[in-house]
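Read the figures in this text as sums done on the coordinates, not as results from a lab. The shown structure was predicted, so the numbers you read here are calculated from the model rather than taken from an experiment. Neighbour counts are summed over all protein chains in view; Cβ atoms, including those assigned to glycine, are modelled from backbone coordinates with ideal geometry.
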Amino acid sequence: MRLRIDLAYDGTDYRGWAAQPGLRTVQAELAAALTTVLRLPEGSLQVVCAGRTDAGVHARGQVAHVDVPPDGSPAAARQLGQLEQLTRRLNGVVDRDLRIHRIVVAPDGFDARFAALWRRYAYRIADDPALVDPLTRHHVLAWPRPLDVAAMDRAAASLVGLHDFAAFCKRREGATTVRTLLDFGWTREPDGLLVGRVRADAFCHSMVRALVGCMIAVGEGRKPVEWAAEVLVARARDPQVPVVAAHGLTLEEVAYPEDAGLAERVELTTARRAPIEPGEGA
């Protein structure tokens, strides 16, 4: 049986999503809680998520799936028949910086990672000393200089579309850096915080934090609005584009197609993306 798990976490004390020996991670903690509550052998479950967040990154709308073996314990069978109770039991086992919101039986073809249509992240910045709240220090980046939100918004808009985002990604052997940026914009919230919201079919490693670093350079006036597009076209990591701190970043939402379109979406997502030739991209 495949289960869909909707969850949220404060990433401050986690070394990211992916399990790593000797380190506290979301994947490892969730898998351990599931095996404990379902009384399954340690290491028997593999939890897959929609977006593998880095160390210190938070999530309000993370989605995961797990396959529970059909020959599980009688206790597991009972729990799987009462998923609301399973949700409560898991929340009683995991630490309070991890919360499970919902568990349901996944529809046929569902894959938390490959069936996703898009992921949406938000990055929050306090660029005025009066806005820096010690109670939100783990979730909002305190920036020492004022930022021009209009310039940042114009620069962000120039990156929207299908592009090779190699200039903003940490390269991984054999992995593509072609992505479709669906939305990217900046607003000044009523409380004064600066919020960047970015939505894409997928993100490569460190991509969002590099995009934010580029926008900050524009917002400070150190670079012109046009510089963001110039960095993109170069397709090479620019040392003038910093990867900003993780704690300002939150995975807000993941979207999926209707059940009938899940299998088709997985097939499309797992097909290798063709490289973009210079000059291509909308």
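Values as computed for the structure displayed
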{"read-out": "From phi via Karplus (6.51, -1.76, 1.60), per-residue ³J(HN,Hα) for region 10-25 in Hz, x at Gly/Pro", "value": "8, x, 3, 9, 9, 8, x, 6, 5, 4, 9, x, x, 10, 7, 10"}
{"read-out": "Average silhouette area of region 2-105, convex hull of alpha-carbon atoms, in square nanometres", "value": "5.7"}
{"read-out": "Amide H contacts of Glu253 (H built 1.01 Å from N, under 5 Å, at least 5 apart or other chain)", "value": "Gly61, Arg120"}
{"read-out": "Taking all pairs of distinct alpha-carbon atoms in the chain, Kirkwood radius in angstrom", "value": "20.1"}
{"read-out": "Unit charges on C-beta of K, R, D, E only; dipole of region 118-258, Debye", "value": "460"}
{"read-out": "Neighbour count of at most 15 Cβ within 10 Å plus DSSP loop: longest GluC sites (Glu not before Pro)-free window in the chain", "value": "43-172"}
{"read-out": "Listed residue (Thr187, Gly22, Met207) projecting farthest to the positive dipole end of the chain, Cβ model", "value": "Gly22"}
{"read-out": "Nearest 10 degrees, 0 to 90: helix 207-219 Cα axis against the chain principal axis", "value": "30"}
{"read-out": "Under Karplus coefficients 6.51, -1.76 and 1.60, residue-wise ³J(HN,Hα) of region 111-122 in Hz, glycine/proline x", "value": "9, 4, 8, 7, 8, 5, 7, 7, 10, 10, 10, 10"}
{"read-out": "The chain - percent relative contact order, Cα under 8 Å, separation 6 or more", "value": "23"}
{"read-out": "Magnitude of the charge dipole, the chain, Cβ model with Lys/Arg +1 and Asp/Glu -1, debye to 20", "value": "480"}
{"read-out": "No Cys partner within the rule (Cβ under 4.7 Å), the chain", "value": "Cys49, Cys214"}
{"read-out": "Table column - 3J(HN,Hα) (Hz), region 46-58, Karplus curve with 6.51, -1.76, 1.60, x for Gly and Pro", "value": "10, 9, 10, 10, 6, x, 7, 6, 7, 4, x, 7, 9"}
{"read-out": "5 angstrom amide H check on Ala112, placed H, neighbours 5+ away", "value": "His65"}
{"read-out": "Proxy reagent accessibility, fewest Cβ within 10 Å first, across Met215, Met207", "value": "Met207, Met215"}
{"read-out": "Contact order relative to length of region 1-144, as percent, for alpha carbon pairs under 8 angstrom and 6 or more apart", "value": "30"}
{"read-out": "Nearest-0.05 FRET efficiency for Ala150 and Gln46, computed from C-beta distance (R0 35 Å)", "value": "0.15"}
{"read-out": "Angle in degrees between helix 26-38 and the longest Cα principal axis of the chain, rounded to the nearest 10", "value": "10"}
